[in-house]
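The values are calculated or read from the model by the stated rules, or taken from the named source; none is laboratory data. All values reported here derive from a predicted model rather than from experimental measurement. Reconstructed Cβ throughout: ideal geometry from the backbone, glycine too, with neighbour counts over all protein chains shown.
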Amino acid sequence: MKSKIFGASIICAVLLICSGCEAAISAKAGGQSKQMLNKKITKVEDCNYLLYLPADYDKSKDKWPLIIFLHGKGERGNNLEDLKKQGLPKMIAQGKSFDFIIVSPQCPNDLWWPEQDDVLIALLDEIEAKYRVDTDRVYLTGLSMGGFGTWTLAEKYPKRFAAIAPICGGSEQYVAYRLKKVPVWAFHGAKDDVVPLARSQEMVDAVKKAGGDAKLTVYPEAKHDSWTEAYNDPELYQWFLSHRISDRTK
């Protein structure tokens, strides 16, 4: 039986090779013809990240809500200590406790978060498989470059996140309709001289126009650093927890 299967495999392989040869032969110089590449492509990616588990994680069998935090441009590289300069990793390093699992990946030098979407989703898959994550309560947030990354990752994978909080970021308005079922709370500084306030405003308006639930908080005196005030607001975390992916089916 095995020899028959092996023989059939050889025949299939030969047919595939021959069909490829035929396609190549049919191509004529000086003209264009229809061709197709059918090939499995795989790659291996590394992703360094900081993982925070709540203090009571080992004391119960409960599942925990998860926050994915995306840092800004200045924290790219391969030194995870750099992540502690801003945002949630900084707060944790200073002793702040959270009732969330928090994952803070690091973007490599010379890359941007939208170029890492597949890596981030692979990381989310692994975290959900290895830890007691409540997959109904997965949240996404980020600042500056991470604010842009928050918009784009959620637009690409809207079913994976219960709510998002992009800070001083932006995206393309024409894809905002993909977030019509994802609650959005954006933050921006009115005096931001790095990313214009309009980038957040136009995205929030576009989501709302598409029928989504989006709001924007503007800090009148804040420049680019609107994240310190946003992440220090307990209401943000209460807002996160008020949303579940399963709510969208009701």
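Among the residues of region 156-171, those identified as over 23 Å from Asp110 (Cβ atoms) and surrounded by fewer than 23 Cβ atoms within 10 Å (Cβ to Cβ) are Tyr157, Pro158, Lys159, Arg160. Among the residues examined, Thr141 qualifies as of a type in the set (Ser, Thr, Tyr), assigned to a strand (DSSP E or B), under 22 Å from Pro234 (Cα atoms) and modelled with pLDDT of 95 or more. Output the residue which, of all residues in region 87-115 that are assigned to a helix (DSSP H, G or I) and free of Cβ contacts under 8 Å to residues at least 60 places away in the same chain, is surrounded by the most Cβ atoms within 10 Å (Cβ to Cβ). Looking at residues that are assigned to a helix (DSSP H, G or I) and free of Cβ contacts under 8 Å to residues at least 60 places away in the same chain, I get Trp113. Comparison of Tyr237, Tyr219 shows that the only residue that is surrounded by fewer than 21 Cβ atoms within 10 Å (Cβ to Cβ), within 27 Å of Ile92 (Cα to Cα) and in contact with a strand residue (DSSP E or B) (Cβ under 6 Å, 6 or more places away or on another chain) is Tyr219. Among the numbered conditions (1) over 25 Å from Arg248 (Cα atoms); (2) outside any strand (DSSP E or B); (3) in contact with a strand residue (DSSP E or B) (Cβ under 9 Å, 6 or more places away or on another chain); (4) not basic (Lys, Arg), the only one that Leu123 does not meet is (1). Among residues of region 1-57 being modelled with pLDDT under 75 and under 30 Å from Pro89 (Cβ atoms), the one that is surrounded by the most Cβ atoms within 10 Å (Cβ to Cβ) is Lys43.
Filter region 210-231 down to residues that are part of a loop (DSSP other than H, G, I, E, B) and either under 25 Å from Arg178 (Cα atoms) or free of Cβ contacts under 8 Å to residues at least 12 places away in the same chain (or both), then give me how many there are. Looking only at that region, the number is 4. When Arg248 is tested against the conditions (1) assigned to a helix (DSSP H, G or I); (2) surrounded by 15 or more Cβ atoms within 10 Å (Cβ to Cβ), the lone failure is (2).
Is it true that Ala129 is exposed (fewer than 11 other Cβ atoms within 10 Å of the Cβ), within 20 Å of Ala162 (Cα to Cα) and under 18 Å from the mean Cα position of the chain (by Cα)? Taking the combined requirement at face value, the residue satisfies it. Out of (1) at pLDDT 95 or above; (2) surrounded by fewer than 21 Cβ atoms within 10 Å (Cβ to Cβ); (3) farther than 23 Å from Glu45 by Cα, the odd one out for Lys61 is which? Evaluating Lys61 over (1) at pLDDT 95 or above; (2) surrounded by fewer than 21 Cβ atoms within 10 Å (Cβ to Cβ); (3) farther than 23 Å from Glu45 by Cα leaves (1) as the failure.
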